[in-house]
Structures are given as C-alpha cells and as structure tokens.
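What follows is a single structure, written as structure tokens, with notes after it.
Taken together, the values in this text are just the output of simple stated rules run on the coordinates, not laboratory data. All of these numbers come straight from a predicted model, not from anything done at the bench. For neighbour counting, all protein chains shown are included, and Cβ atoms are generated from backbone atoms with ideal geometry for every residue, glycine included.
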Amino acid sequence: MKIKEIKKGDKILHSHLGKNPPVSGIVMESPIQGRGIRNTILVDVKGSEVGLHDEIGSIYTNEVLKVFKDKNWLPVEQ
C-alpha cells in the first residue's frame, strides 16, 4: 500500500515514539495535499499502549509502518 492511499479514519501502526514498539493511531487528515503528498499528517496517537499519554499530533509520513484495511495489517511503501 502506498502512503497516498491512506485516508482519514484509517488505523495505522507507526514508529513515532522512538525505540518503543510500534504504536497504533487513527489518521485525522489525508496525507494528500494539492498535487503532492505531505511530509506530516495529523494522527490520534495511542501512547497509552506503551505507558505514555494519548494525544493528537503530527507525525512524519515516513514513520507510518502499517495500515489496517480489510481486517489485515498492510505494510506501507514510501
């Protein structure tokens, strides 16, 4: 799956919190902007999975590892 196929409301796994295991989140905005793809997207990050706080914030699109679609985790190509 390509990064441009991600849509608002998709569940993702990302590596934004560093060395911790991948954390899930819900995409709050599409990564497509005009004719190109944004470098950052707004995500509801579920930090409570690794003992941190749940917050909404921007993460880099290259930190998105997998997307949950059709009951499967699909890897993301940059």
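Here are some notes:
- Straight-line cross-link reach from Lys71 at under 15 Å between alpha-carbon atoms covers these aspartates and glutamates, not counting any fewer than eight positions away in the same chain: Asp10.
- Put in order of Cβ neighbour count within 10 Å, fewest first, the listed residues Val45, Val50, Val67 become Val50, Val67, Val45.
- For the chain, the relative contact order comes to 32 percent (Cα pairs under 8 Å, sequence separation of at least 6).
- The count of lysine pairs in the stretch 3-70 whose Cα atoms are under 22 Å apart, excluding pairs fewer than 8 places apart on the same chain, comes to 16.
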